[in-house]
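The values are calculated or read from the model by the stated rules, or taken from the named source; none is laboratory data. Quick caveat, the model's predicted, so the values are computed rather than measured. Cβ coordinates were reconstructed from backbone atoms using ideal geometry, including for glycine residues, and neighbour counts include every protein chain displayed.
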């Protein structure tokens, strides 16, 4: 086999997501409070000058979500997973619906973020109300554990088709035992992609697509942040937002 040139050995430098202004504002809280980014991780925040004396409008920001020093023999590969609508045209297809519904021929469906401790991070997210399409699953073929979040979209808007996957490679026996104990069902354990595909199909055909955060939590956060640009959100605001998420998640879990 012909060896590829070194200049074709790519790594993901960054990903760009386009958001509605309210979801843009919520994303800053999510990256700070749920993904644990810090002020030092904020690479830039650029503003557009406000019209007629109005305050400047936040235009874009970039944040680092982690740095890795891989173990020997554990390279951080850069991988693309590509999916097409494979159902006959007269049958339902959530992939086709994602594309046609957004008038796109290509769509960023999900970003997979790797963590060294998925169980701890999953607990952190659940405590803040993050919703998941699946429990933590084990993929025997890839020797990894993974979980898939709800989609990022605002209350009252149509589903965006975009969500996150969180994964950990080479889990320990103790971690696997913890997952097995927590999962009351052996839900598509060895067929994680096909199981996820089927679950997304059920969501889209039912019209009930799970969101990343519950509707009431998003509304409470937006109410608190009303009138603020991203660059105006303070550390005290972030602490208040964290309390809102934790308190509302705890209340919901008691029901």
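Before moving on, here are some points about what is shown:
- Being closer than 26 Å to residue 232 by Cβ, modelled with pLDDT of 85 or more and either touching a helix residue (DSSP H, G or I) at 6+ places or on another chain (Cβ under 7 Å) or surrounded by fewer than 14 Cβ atoms within 10 Å (Cβ to Cβ) (or both) is true of residue 29.
- For the stretch 138-153, filtering for residues that are part of a loop (DSSP other than H, G, I, E, B), surrounded by fewer than 19 Cβ atoms within 10 Å (Cβ to Cβ) and either touching a strand residue (DSSP E or B) at 6+ places or on another chain (Cβ under 9 Å) or modelled with pLDDT of 90 or more (or both) leaves 2.
- Of the residues making up the stretch 78-96, those that are surrounded by 10 or more Cβ atoms within 10 Å (Cβ to Cβ) and either under 24 Å from the mean Cα position of the chain (by Cα) or touching a residue at least 24 places away in the same chain (Cβ under 8 Å) (or both) are 78, 83, 85, 92, 93, 94, 95, 96.
- The one condition in (1) assigned to a helix (DSSP H, G or I); (2) loosely packed, with under 15 Cβ neighbours inside 10 Å; (3) out of contact with any strand residue (DSSP E or B) (no Cβ under 9 Å at 6 or more places or on another chain) that residue 176 fails to fulfil: (3)
Each row is one residue, and each column tells you yes or no for (1) within 28 Å of residue 80 (Cβ to Cβ); (2) part of a helix (DSSP H, G or I); (3) at pLDDT below 90; (4) in contact with a strand residue (DSSP E or B) (Cβ under 6 Å, 6 or more places away or on another chain).
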| residue | (1), (2), (3), (4) |
| --- | --- |
| 181 | no, yes, yes, no |
| 186 | no, no, yes, no |
| 238 | no, yes, no, no |
| 253 | no, yes, no, no |
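- Selection count, the stretch 16-26, where residues are in contact (Cβ under 8 Å) with a residue 60 or more places away in the chain, part of a helix (DSSP H, G or I) and out of contact with any helix residue (DSSP H, G or I) (no Cβ under 8 Å at 6 or more places or on another chain): 1
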